[in-house]
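S.K.: First, the structure itself, so that you have it in front of you.
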Amino acid sequence: QVQLVESGGGLVQAGDSLSLSCTSSGRTFSSTAVGWFRQAPGKERELVAAINWSGGSTYYAESVKGRFIITRDSATVNLHMNTLKSEDTALYSCAADKRPFRAVVEDAEYVYWGQGTQVTVSD
């Protein structure tokens, strides 16, 4: 099965920046949409940002819009997080779409997941 791996998490202070990376063992990773999700203790998992195969379609949650940027190349999907807040503290996971070459990222069906990387923001 396809396996995704996240990296880049850590402990930072409010206002700091941090970048996360997602890679995959799948042969068609570069042809599918990828989303970054997060889940904090006591909260439901939420989609933070997503990008389609070409990078021409992106999505950002209202809570991170203007602060986070999602980018990709042929092998890696990155989440650049700026002006971090304590409420950004969560386990961040990336996931890949089941269908390749999707034009609209909002249509993605995420079926391949990584184990996650912890991001902790202190006040």
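S.K.: How many residues does region 110-119 contain that are open to solvent by less than 50 Å² (accessible area, probe 1.4 Å) and either assigned to a helix (DSSP H, G or I) or in contact with a Leu (Cβ under 7 Å, 6 or more places away or on another chain) (or both)?
M.R.: Within region 110-119, residues that are open to solvent by less than 50 Å² (accessible area, probe 1.4 Å) and either assigned to a helix (DSSP H, G or I) or in contact with a Leu (Cβ under 7 Å, 6 or more places away or on another chain) (or both) number 4.
S.K.: Across region 1-19, which residue is nearest to PRO100 (Cα to Cα) among those that are open to solvent by 40 Å² or more (accessible area, probe 1.4 Å) and hydrophobic (A, V, I, L, M, F, W, C)?
M.R.: Looking at the filtered set, the residue picked out is VAL2.
S.K.: Hey, any hits in region 93-109 for a residue that's over 25 Å from VAL2 (Cα atoms) and assigned to a loop (DSSP other than H, G, I, E, B)?
M.R.: Scanning region 93-109, I find no residue that is over 25 Å from VAL2 (Cα atoms) and assigned to a loop (DSSP other than H, G, I, E, B), so the answer is no.
S.K.: Okay, moving on. Applying the selection to region 62-92, what residues are surrounded by 15 or more Cβ atoms within 10 Å (Cβ to Cβ), among the polar types (S, T, N, Q) and not in a loop (DSSP other than H, G, I, E, B)?
M.R.: The one that is surrounded by 15 or more Cβ atoms within 10 Å (Cβ to Cβ), among the polar types (S, T, N, Q) and not in a loop (DSSP other than H, G, I, E, B): ASN78.
S.K.: Which of the following residues is touching a Leu at 6+ places or on another chain (Cβ under 6 Å) and at positive phi: GLY42, GLY15, GLY35, GLY8?
M.R.: GLY8 is the lone residue from the list that is touching a Leu at 6+ places or on another chain (Cβ under 6 Å) and at positive phi.
S.K.: Inside region 20-53, can you point out the residues that are part of a loop (DSSP other than H, G, I, E, B), touching a strand residue (DSSP E or B) at 6+ places or on another chain (Cβ under 9 Å) and open to solvent by 70 Å² or more (accessible area, probe 1.4 Å)?
M.R.: Scanning region 20-53 gives SER25, THR28, PRO41, LYS43, ARG45, TRP53.
The values are calculated or read from the model by the stated rules, or taken from the named source; none is laboratory data. Everything quoted here is computed from the prediction, not taken from an experiment. Positions of Cβ are generated from backbone atoms using ideal geometry, with glycine treated the same way; all protein chains shown enter the neighbour counts. Side chains are part of the model used for accessible areas, which takes the heavy atoms of the whole protein and leaves out ligands, DNA and RNA. Shrake-Rupley method; radii C 1.70, N 1.55, O 1.52, S 1.80 Å.
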